[in-house]
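Chemist: Take a look at this one; I'll ask things after.
FYI, it's all coordinate maths here, none of it is from the lab. Only a predicted model underlies this, so the values are computations on that prediction, with no experimental measurement involved. Glycine gets a Cβ as well: all are built from the backbone with ideal geometry, and neighbour counts include every protein chain shown.
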């Protein structure tokens, strides 16, 4: 039995239609997936990629708008892969050879399954009205840090994420992986102007807290509030002076050791945990 016949025979017990098995790295769908590594292309197509069995399954379970699913023939026999495939429209399923999948995947040890997903755009007013905890990221540039902040927000939420200009793309492949599925659950909104969004949040009742390295105030000095927006700063420069000056409070994490500073996502994690305890509801 040839390659196509052997693999097509595997589809007899699943309600999908596979027209062709992609065997060329030059196939348009493979090129499309690879191009989604570029922010400009992600923005143009309003789509991004999520890789790996666990994260693709989460995307399906969270109701993400899947454009198509790319699966390596090498893993097609696995029950978990079949289960994911059965949960989507068969017309969105694309099968390829293992070496072609490796060329399309962004990860080194690819798991043989990825999904191309249409982005969803959150309404800024809805998020500000429906969430009492907003985490504002000021020029966070490392995708791993941003993804981790999303993951922490998911763990200690509900919370919304606000990104200003200069932040890395939340749909960067590394950010998506670091979010561990939180990218499908945590609403992300955007700010064109720092001063305008801070004024907007203050008008909605948010108390703005900037986390800095040199404040005499700590979380012990923060009173309980109905609505809080916490600002996490850039990895090298911290929070901009404009944002600090427009904040209601600037405070620092108490450290008893010799380290002078913390990684941005670590500092954000501690701050998110501490501030969550200060919210009245």
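Chemist: Between 72, 83, 229, where does the largest GNM mean-square fluctuation fall for the chain, given springs only between Cα atoms within less than 10 Å?
Modeler: Of the options given, 83 has the highest mean-square fluctuation.
Chemist: Here is a further query. From a point 7 Å beyond the Cα of residue 54 in the direction of its Cβ, which residues of the stretch 103-134 have a backbone N at a distance under 17 Å?
Modeler: Once the point is set 7 Å along Cα→Cβ of residue 54, 107-115 turn out to lie under 17 Å by backbone N, inside the stretch 103-134.
Chemist: At 0.36 nm per residue, minus the direct Cα-Cα distance, what do residue 200 and residue 260 gain on full extension? Give it in nm, one decimal, please.
Modeler: 18.2 nm
Chemist: With N set to the number of residues, divide the alpha-carbon radius of gyration of the stretch 124-276 by 2.2 N^0.38 Å and report two decimals.
Modeler: The value comes to 0.95.
Chemist: At R0 = 45 Å, how high is the FRET efficiency between residue 26 and residue 248 if r is their beta carbon distance? Nearest 0.05 is fine.
Modeler: 0.20
Chemist: When the helix-only estimate is applied to the chain (DSSP H runs of n ≥ 4, each -39,500 (n - 2.57), divided by the residue count), what is the mean residue ellipticity at 222 nm, nearest 500 deg cm²/dmol?
Modeler: -9500 deg cm²/dmol
Chemist: Expressed as a rounded percentage, what relative contact order does the chain have, with Cα pairs under 8 Å and six or more residues apart?
Modeler: 17 percent.
Chemist: Using just the Cα positions, wrap the stretch 3-118 in a convex hull and report its mean projected area in square nanometres, one decimal place.
Modeler: Quarter of the Cα hull surface area: 6.7 nm².
Chemist: Here's a follow-up. Within 10 Å of each residue's Cβ, count the other Cβ atoms and sort 139, 78 from fewest upward.
Modeler: Listed from fewest to most nearby Cβ atoms, that is 78, 139.
Chemist: Right, something else. In whole Å, largest first, what are the principal axis extents of the Cα atoms in the chain?
Modeler: Cα extents, longest axis first: 74, 38, 31 Å.
Chemist: Right, another one. Please work out the FRET efficiency for the pair residue 40 and residue 277, using the Cβ-Cβ distance as r and a Förster radius of 41 Å; give the result to the nearest 0.05.
Modeler: Working from the Cβ atoms, E equals 0.50.
Chemist: Also, I was wondering about something else. Relative contact order for the stretch 3-118 using alpha-carbon pairs under 8 Å, separation at least 6, rounded to a whole percent?
Modeler: Normalised by residue count, the contact order of the stretch 3-118 is 41 percent.
Chemist: Considering only the stretch 124-276, what is the antiparallel percent among its DSSP beta bridges, to the nearest 5?
Modeler: Among the beta bridges of the stretch 124-276, antiparallel pairing accounts for roughly 5 percent.
Chemist: Roughly how many Å is it from the Cα centre of the stretch 129-173 to that of the stretch 46-88, as a whole number?
Modeler: The stretch 129-173 and the stretch 46-88 have Cα centres separated by 24 Å.
Chemist: Moving to a separate point now. Given contacts defined as C-alpha pairs under 8 Å and at least six residues apart, what's the relative contact order of the stretch 124-276, whole-number percent?
Modeler: 28
Chemist: Oh, and also: With each label point set 7 Å from Cα along the Cα-Cβ vector, what nm distance links residue 185 and residue 74?
Modeler: 3.1
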